[in-house]
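Undergrad: Got a structure for you, written out below as structure tokens; questions coming shortly.
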Amino acid sequence: MDPIHVRNAIGTTYVDAACGLRIDDVGPTDGTVVATIPRSGAEDVEQAVAAAQAAQPAWAALSLHERADALDRLADTMEAAADELAHLEALDTGKPWDVARHVDIDRCIRNFRFFAEFGRSQSPEVFRMDDATNHVLRKPIGIVGLISPWNLPLYLLTWKVAPALLMGNAIIAKPSELTPLTAHRFSELARESGLDGGLVNVLHGLGPEVGQALVEHPEVPAISFTGGTATGRIVAATAAPMFKKLSLELGGKNATVLLDDADLDAVVPGVVRSGFLNSGQICLCGSRVLVPTSMMDDFLPRFVDAVQRFPIGPVISEAHRAKVEGYLRLAVEEGGTVLTGGERGEGPGFHLSPAVVAGLPPTSRCATEEIFGPVVTVHGYSTEEEALAVANGTEYGLAGSVWTADAERGRRFAERMDTGMVWVNTWLHRDLRVPFGGVKQSGVGREGGMWSLGFFSEAVNICVADE
Ligand code: TXE
């Protein structure tokens, strides 16, 4: 198949980068070039800002309900193209088609349906005083920049696009250069659904070039970023002096904690899925499993057997596979034992079998740094206090899960974990109304439900004295 010629979606046009340069997009399944994308820069950002400025006022003038209806129309258009979107996502990320279809694309459609309904359910925010009434308005920001990563490409981009549009903004999206395909197709579907092209601009290219130019642009007062902590630091350093609104969803090193009453038959499948879904390339993945020492001999063989049978695809790129392999070598140097996995297997593509490492000190680099691949480290503990100290003992604080026969006991433990989200006896079970985000070096701010509506608008209070 010839590589797809991706172009920037700017207003009503599809254009190459002003500089004319292009970048190859290599598919992880077999290492072939699946697309080429524009190598955009500051000049392309200028064009996108102009298109967004032209389209946004009429969009903002619509009512919240009219914009919610437009989101539903977009969801309908995406639903009709769901299989095609899944094919493109699988092609770009290497993930199994059914994961792309039922984890990624179903959620993309749900993002729009949820925020359409959530928007309609909002009631006026009015605060009465003895002699006055306060009316809270949520005004659009104008143009928002949305920067997204390669692990759940359209899932994470639409999580930002839906509330940003609902609140009356125009968006400029910068998807990862490793996974441009579904963002490109999404831009077409948005236009096919009836949205003005200037509302959904998509620029492709390298992060330090077009991504940096988007963050720097003075007419883009808000940036929602999902990606690595190191890059989040650069984005924050650029945006902070400009007093831009910033939402940062960054890396994680999430603990999966088995309490001593856990039923192994019941919990092992969930612990495996938490560690290896999407080849461990989800910021919420449980990459550290904490097990009572008394249960370790029973747990490990079951866990390793289930991991060996868990279907996973390749990792995103040759460079990322090398990074993950580097951590597996480091694990052995740090005193760990690789019980299974870490094999490339035959054939082309960036495959790496799921790996389990035991015997590592919980303070080792492999047990505290984000590897973001199919690698889980297993650690024994004696007391709940020790488990909590290990779980909270990294620079990250994004998510975690607790597995126990006593849900109340699990919730009490979860409340003491320094993270933004914890699941008890489940994982990645998502109610889109709840806050999503992390603490420490896992990010700043929350998105989801009211938190998204708040981020993608400016709250204004109008206090009217009684006559
Ligand atoms: O993220 P990056 P990547 C972690 C994980 C992974 C690491 C790097 O550890 O190995 O981040 O992954 C754009 N100004 N997570 O490469 O580099 C870039 O083009 C503006 C966790 O995906 O942070 C891409 O579109 N933008 C994460 C986006 O930022 C810049 C999920 C993310 O790229 C930029 C993925 C700059 N200077 C990776 N430099 C999660 N929390 O889910 C890059 N970009």
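Undergrad: Among the residues of region 10-37, what is the count of those that are aliphatic (A, V, I, L, M) and either part of a loop (DSSP other than H, G, I, E, B) or farther than 16 Å from E89 by Cβ (or both)? Before the answer, list the steps.
TA: Step one: filter region 10-37 for residues aliphatic (A, V, I, L, M), giving 10, 15, 17-18, 21, 23, 26, 33-35, 37.
When the remaining residues are screened for being either part of a loop (DSSP other than H, G, I, E, B) or farther than 16 Å from E89 by Cβ (or both), the result is 10, 15, 17-18, 21, 23, 33.
The total comes to 7.
Undergrad: Please go through region 71-102 and give me each residue that is in a helix (DSSP H, G or I), aliphatic (A, V, I, L, M) and at pLDDT 95 or above, ordered by number. Full working, then the answer.
TA: Taking region 71-102 and keeping what is in a helix (DSSP H, G or I), we get 71-80, 82-93, 97-102.
Adding the requirement that they be aliphatic (A, V, I, L, M) leaves 71, 74-75, 78, 80, 82, 85-86, 88, 90-91, 99-100.
Result: L71, L74, A75, M78, A80, A82, L85, A86, L88, A90, L91, A100.
Undergrad: Determine, yes or no, whether G454 is within 12 Å of S247 (Cα to Cα) and either in the same structural domain as G397 (by TED's automatic domain parsing) or more than 15 Å from the ligand (Cβ to nearest atom) (or both). Steps first, please.
TA: Details: within 12 Å of S247 (Cα to Cα): yes; either in the same structural domain as G397 (by TED's automatic domain parsing) or more than 15 Å from the ligand (Cβ to nearest atom) (or both): yes.
Yes, satisfied.
Undergrad: I'd like the full set of residues that are within 14 Å of the ligand (Cβ to nearest atom), in a helix (DSSP H, G or I), over 14 Å from the mean Cα position of the chain (by Cα) and of a type in the set (A, V, I, L, M), limited to region 138-182.
TA: L181
Undergrad: Please verify whether region 200-209 includes one or more residues that are β-branched (V, I, T), under 17 Å from T77 (Cβ atoms) and in contact with an Asp or Glu (Cβ under 8 Å, 6 or more places away or on another chain). Quick ask: steps written out before the conclusion?
TA: Of region 200-209, the ones β-branched (V, I, T) are 200, 202.
This time we only want the ones that are under 17 Å from T77 (Cβ atoms), so: 200, 202.
Keeping just the survivors that are in contact with an Asp or Glu (Cβ under 8 Å, 6 or more places away or on another chain) gives none.
The answer is no, given that none of the residues of region 200-209 is β-branched (V, I, T), under 17 Å from T77 (Cβ atoms) and in contact with an Asp or Glu (Cβ under 8 Å, 6 or more places away or on another chain).
Undergrad: More than 16 Å from the ligand (Cβ to nearest atom), out of contact with any strand residue (DSSP E or B) (no Cβ under 8 Å at 6 or more places or on another chain) and more than 19 Å from G31 (Cα to Cα): is that true of R365 in this structure? Quick ask: steps written out before the conclusion?
TA: Values: more than 16 Å from the ligand (Cβ to nearest atom): no; out of contact with any strand residue (DSSP E or B) (no Cβ under 8 Å at 6 or more places or on another chain): yes; more than 19 Å from G31 (Cα to Cα): yes.
When the stated conditions are applied, R365 does not pass them.
Undergrad: Let me ask another. Go through region 339-354 and report how many residues are in contact with a helix residue (DSSP H, G or I) (Cβ under 6 Å, 6 or more places away or on another chain) and either closer than 16 Å to L300 by Cβ or surrounded by fewer than 17 Cβ atoms within 10 Å (Cβ to Cβ) (or both).
TA: Filtering region 339-354 for residues in contact with a helix residue (DSSP H, G or I) (Cβ under 6 Å, 6 or more places away or on another chain) gives 339-340, 342, 350, 352, 354.
Pick out the ones that are also either closer than 16 Å to L300 by Cβ or surrounded by fewer than 17 Cβ atoms within 10 Å (Cβ to Cβ) (or both) and you get 339-340, 354.
Result for region 339-354: 3.
Undergrad: Right, here's the next one. When the residues of region 250-275 are filtered to those that are of a type outside the set (A, V, I, L, M) and under 24 Å from K440 (Cα atoms), which remaining residue is surrounded by the fewest Cβ atoms within 10 Å (Cβ to Cβ)? Even if it seems obvious, please write down each step before you answer.
TA: Within region 250-275, the first condition is being of a type outside the set (A, V, I, L, M), and the residues that meet it are 251-254, 256, 260-261, 263, 265, 269-270, 273-275.
Narrowing further to those that are under 24 Å from K440 (Cα atoms): 251-254, 256, 274-275.
Numbers: G251: 24, G252: 29, K253: 27, N254: 31, T256: 27, S274: 27, G275: 28.
My answer is G251.
Undergrad: Give me the residue from region 216-244 that is more than 9 Å from the ligand (Cβ to nearest atom), surrounded by fewer than 17 Cβ atoms within 10 Å (Cβ to Cβ) and not acidic (D, E) and, out of that set, farthest from M296 (Cα to Cα).
TA: So, considering only residues that are more than 9 Å from the ligand (Cβ to nearest atom), surrounded by fewer than 17 Cβ atoms within 10 Å (Cβ to Cβ) and not acidic (D, E), the one farthest from M296 (Cα to Cα) is P218.
The values are calculated or read from the model by the stated rules, or taken from the named source; none is laboratory data. Just so it is clear, the structure is predicted and the values come from calculations on it, not from any experiment. When we count neighbours, we look across all protein chains shown, and the Cβ atoms used for this are built from the backbone with ideal geometry, even at glycine.
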